[in-house]
Amino acid sequence: MTAEAPPRPDRPTARSRAAERARRAAGRTTVRVWTLTAACLVGIAVLFAVTTGAIAQARDGFQVIGHGAGPKVAATADLYFALSDMDAQVANVLLMGDEHDLGAGREEALRRYEQRRDDADSALLHAAQLAEGDDAEQENVRAVLDGLGDYEQLVAEARLLNDEAGGGAGQPPAAVVDRYREATDLMRLELLPKAYNLTLESGATVRATYEDRRSATRLGPVWVALSGAAAAGALIALQLYLSARFRRRYNPALVVATAGVVGLVGLATLMLDDQAQQLRTAKEDGLDSVLALSRARAISTNMNADQSRWLLDPERADTYAQGFLEDAQTVLYVEDAAGEVPGDLAGYGAEVDDAVTERGGYRGRMLGFLGEEVRDAPLAGQAAAQQEVLRAYDGFLRADRDMRLIAESGREREAVSAHMGGAGSVEDAFDRYEEALIELTDLHRDTFDEAVRAGDDGAAGWDVLLPAACLAFAVLVLAGVRPRLAEYR
Amino acid sequence: MRSRALALPMAAVLALSACTGALSDTGSLLGRDTLRIGVKADQPGLGLRGPSGEFTGFDVDVALDIAERLGVEPADVEFVEVTSAEREEALREGRVDMVVATYSITPARKTEVTFAGPYYVAHQDILVRADERSIDDVRDLAGRRLCQGEGSNSATRVIGERGVAARLIEAPTYSECVTMLEEGEVDAVSTDDLILAGFLLRSRDAFRIVNAPFTDEKYGVGVAEGDLSGCEAVNRAITDMYQDGTAEALLRMWFGDTGLDLVTSVPQFEGCS
């Protein structure tokens, strides 16, 4: 640049020395202006890069939670549900014997069985996609698929034997019960645990990704604010230097650029902060509850299956009653005010009755899926939906007690009818409970969808706004310094 | 000058990110070079301390296997005795990193401890003398002398919850119950089947397990509350342990000769929360 002219061979005069000094001073000024200008441009470039990165990270979080693994995990939760309902429908068909019109009827039970078989297939497909790259999980998916084939074979044999034997409702022949035992043991002891673990594992993957993204999205605004402060600092330094050096009060272009940087950073941090909030809402008020309630529904379906098993196989009645109670405690765990846990179905039912009717004044403790889910209700309509779930669950347990009393008094056919037959039956109460559960789940699903949509919308437009604004700032800086530099040409 | 002005806030941000990173990993099981694992010291077949101080049993082997799958060699595992009453406290105070000690997962305990597993679902069952012919399930205990260890509620489950009118006899420990059973002072002992199987190993020909399970005891691996990534890693280790046959081999090695019906496929996990 203009910094130093080659030294003259002859001795400089006083006048030429003064000119030399002036030239050197001018040279120094030019260098400083250029350095500060470069600092401003670098600052703006860094701000651009950091903000772009922060937006990308926030989008990535929504991509995983909102559009990728999140919804798929919710879908794999249906695997357990589909499998336990398959087993329940099989037990129902066997229980009906040749009375094909009991309850919703044999045709309906068979149709539901096929439907659940298809549901299980598509849930397995989701699980297989989520398990990609994880050998242990893929092995699990394969084991469930293979086991399902064996299960269907056993079910087909049991049905064939049952059809051949004929006979009324509630007394399937021993050979049928034996074959069903094989099938249900495969289902209960191998397929259902593996299916449940698959859901848990894919949930764990989503959780880890979320934790990872969440700390990134929380730090995003901080980085943006810091790089914005640096860029604004460089702009102010340039401004101050120019006004001191050229005795002008301010440089309009630089003032606009500085205000623009501050404004942009303000908007970006607000937007990123909102994104972090929406991501949190989508995960914690949306997905987590959807998953917990889907699991509650799946386990409840297994309770329903245990009722059919209990009726079908009196020899194993204790095991199935115990299974029912264990599952019930998983769905809604109750402990009385003294910390005692009811150990039989009658005690459990009475305690749930207390907990549900006294709700606010209940002095015991409610835990388990429903107990945790009904703890607080920040969403509109949530409290009412929760109360409805609890009431319907209580109703289901009451119908269960009635049905067991009838069966224990030796009236098997009537018990089967109380289990599956129309209004007031166990099946009827279960349907009502399931509907309430689905309604509450939908409330959380809507919250999830809204948060994801808000997240997607929030970052929209920034792909254009951000580069345009940063480019404009750079142009303003150059426009601001150009006339000053021109004074030295 | 600009870089110096930036250095301070940068350092603050780095410290902040280090903090949030550290928060989620505080007390996690992962990335440790050594592990302290709480086990029982007086439970034959599950966790028993020998005369020279070494621990043996199914729980001990399961713990070693999990540790190895988490990247900790057996030589770097230190076993610490925990009694049933002190398991939560030992985890809370960080005296142990992990508890594998016939530790049943219950919703109430889940509020204090994060549970991986279960690695096995045990069931309450009944131990009788080998020549006992008239006890085949829990109802046959009516009118018979049933021994219960102090502080346990296994008899409540028989008498209170199942309405079976057994005659309750209490002894300080289940070990003493088993001695009384051998000497004919009681007719039956009822507690977790794996625990009964462990006692049965003491004198194999003297006893018989009835094989009439009537509760689920989900034996879990307790980790520090909130250590979700550690818990998930233990679940993966248990999955692998079942998939490659290690779990079945360990079950057969410890309980294969006891006549107990063993389940050798992976149990349904509780979920880390």
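The values are calculated or read from the model by the stated rules, or taken from the named source; none is laboratory data. Just so it is clear, the structure is predicted and the values come from calculations on it, not from any experiment. Methodologically, a virtual Cβ is constructed for each residue, glycine included, from the backbone with ideal geometry; neighbour enumeration extends over all protein chains shown. Accessible surface is based on the protein model in full, side chains and every heavy atom, while ligands, DNA and RNA are left aside. Shrake-Rupley method; radii C 1.70, N 1.55, O 1.52, S 1.80 Å.
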- Inspect segment A:283-304 for any residue being of a type in the set (D, E, K, R) and either under 30 Å from residue A:403 (Cα atoms) or open to solvent by less than 10 Å² (accessible area, probe 1.4 Å) (or both) and give the result as yes or no. yes
- Residue set A:205, A:199; condition assigned to a helix (DSSP H, G or I), polar (S, T, N, Q), open to solvent by 30 Å² or more (accessible area, probe 1.4 Å) and within 11 Å of chain B (Cβ to nearest Cβ); output residue A:205
- Message: Could you check segment A:46-74 and list, in sequence order, the residues that are open to solvent by less than 20 Å² (accessible area, probe 1.4 Å) and under 22 Å from residue A:292 (Cα atoms)?
- Response: A:61, A:62, A:65, A:66, A:70, A:73, A:74
- Message: Consider segment B:144-171. How many of its residues are buried (at least 18 other Cβ atoms within 10 Å of the Cβ), modelled with pLDDT of 90 or more and more than 30 Å from residue B:100 (Cβ to Cβ)?
- Response: 2
- Restricting attention to segment B:119-133, which residues are in a loop (DSSP other than H, G, I, E, B) and surrounded by 17 or more Cβ atoms within 10 Å (Cβ to Cβ)? B:123, B:132
- Message: Just to verify a result, which residue in segment A:345-387, among those that are of a type in the set (Phe, Trp, Tyr) and more than 23 Å from the chain's Cα centre (by Cα), is surrounded by the fewest Cβ atoms within 10 Å (Cβ to Cβ)?
- Response: A:362
- Note on the structure: residue A:98: passes all of (1) closer than 30 Å to residue A:170 by Cβ; (2) out of contact with any Gly (no Cβ under 6 Å at 6 or more places or on another chain); (3) open to solvent by 10 Å² or more (accessible area, probe 1.4 Å) but (2)
- So which strands (runs of 3 or more DSSP E) stay within segment B:181-273 end to end and still have 1 or more residues that are under 15 Å from the mean Cα position of the chain (by Cα), within 12 Å of another protein chain (Cβ to nearest Cβ) and crowded, with 20+ Cβ neighbours inside 10 Å? B:217-223
- Item | Residue under evaluation residue B:174, criteria (1) at pLDDT below 95; (2) within 14 Å of chain A (Cβ to nearest Cβ); (3) in contact with a strand residue (DSSP E or B) (Cβ under 6 Å, 6 or more places away or on another chain), criterion not met | (2)
- Have a look at A:119, A:134 and point out the one that is buried (at least 18 other Cβ atoms within 10 Å of the Cβ) and closer than 23 Å to residue A:197 by Cα. A:119
- For residue A:138, state whether it is more than 30 Å from residue A:417 (Cβ to Cβ) and either out of contact with any strand residue (DSSP E or B) (no Cβ under 9 Å at 6 or more places or on another chain) or without any contact (Cβ under 8 Å) to a residue 12 or more places away in the chain (or both). yes
- Query: If we scan segment A:438-454, do we find a residue that is open to solvent by less than 30 Å² (accessible area, probe 1.4 Å) and over 25 Å from residue A:279 (Cβ atoms)?
  - Reply: no
- Considering only segment A:402-430, state which residues are touching a helix residue (DSSP H, G or I) at 6+ places or on another chain (Cβ under 6 Å), farther than 18 Å from residue A:345 by Cα and open to solvent by 30 Å² or more (accessible area, probe 1.4 Å). A:414
- Message: For segment A:416-434, give me each residue that is in a helix (DSSP H, G or I) and more than 18 Å from residue A:371 (Cα to Cα).
- Response: A:416, A:417, A:418, A:419, A:420, A:426, A:427, A:428, A:429, A:430, A:431, A:432
- Note on the structure: Of the conditions (1) closer than 22 Å to residue A:293 by Cβ; (2) at pLDDT below 95; (3) of a type in the set (Gly, Ala, Ser), the single one that residue A:328 does not satisfy is (2)
- Residues of segment A:101-115 classified as open to solvent by less than 40 Å² (accessible area, probe 1.4 Å) and either modelled with pLDDT of 80 or more or within 14 Å of chain B (Cβ to nearest Cβ) (or both), total: 5
- Residues of segment B:134-143 that turn out to be open to solvent by 60 Å² or more (accessible area, probe 1.4 Å) and either touching a residue at least 12 places away in the same chain (Cβ under 8 Å) or not in a loop (DSSP other than H, G, I, E, B) (or both), as a count: 2
- Message: I need every pair where a residue in segment B:31-54 that is in contact (Cβ under 8 Å) with a residue 40 or more places away in the chain and closer than 12 Å to residue B:100 by Cα has its Cβ under 6 Å from the Cβ of a residue that is basic (Lys, Arg) and outside any loop (DSSP other than H, G, I, E, B), sequence separation at least 6 or different chains.
- Response: B:41/B:49
- Task: Mind listing whichever residues of segment B:84-93 are surrounded by fewer than 24 Cβ atoms within 10 Å (Cβ to Cβ) and at pLDDT 90 or above?
- Result: B:87, B:88, B:89, B:90, B:92, B:93
- Query: Quick check: anything in segment A:225-246 away from chain B (no Cβ under 11 Å), open to solvent by 30 Å² or more (accessible area, probe 1.4 Å), charged (D, E, K, R) and over 20 Å from residue A:65 (Cα atoms)?
  - Reply: yes
- Item | Criterion (assigned to a loop (DSSP other than H, G, I, E, B), surrounded by 24 or more Cβ atoms within 10 Å (Cβ to Cβ) and either in contact with a helix residue (DSSP H, G or I) (Cβ under 7 Å, 6 or more places away or on another chain) or within 13 Å of chain A (Cβ to nearest Cβ) (or both)) met by exactly one of B:101, B:116 | B:101
- Scanning segment B:190-237 for residues that are modelled with pLDDT under 90 and of a type in the set (Ser, Thr, Tyr) gives B:203, B:215
- Note on the structure: Reported set for segment B:72-109 where residues are more than 14 Å from the chain's Cα centre (by Cα) and without any contact (Cβ under 8 Å) to a residue 12 or more places away in the chain is B:73, B:74, B:75, B:89, B:93, B:107, B:108
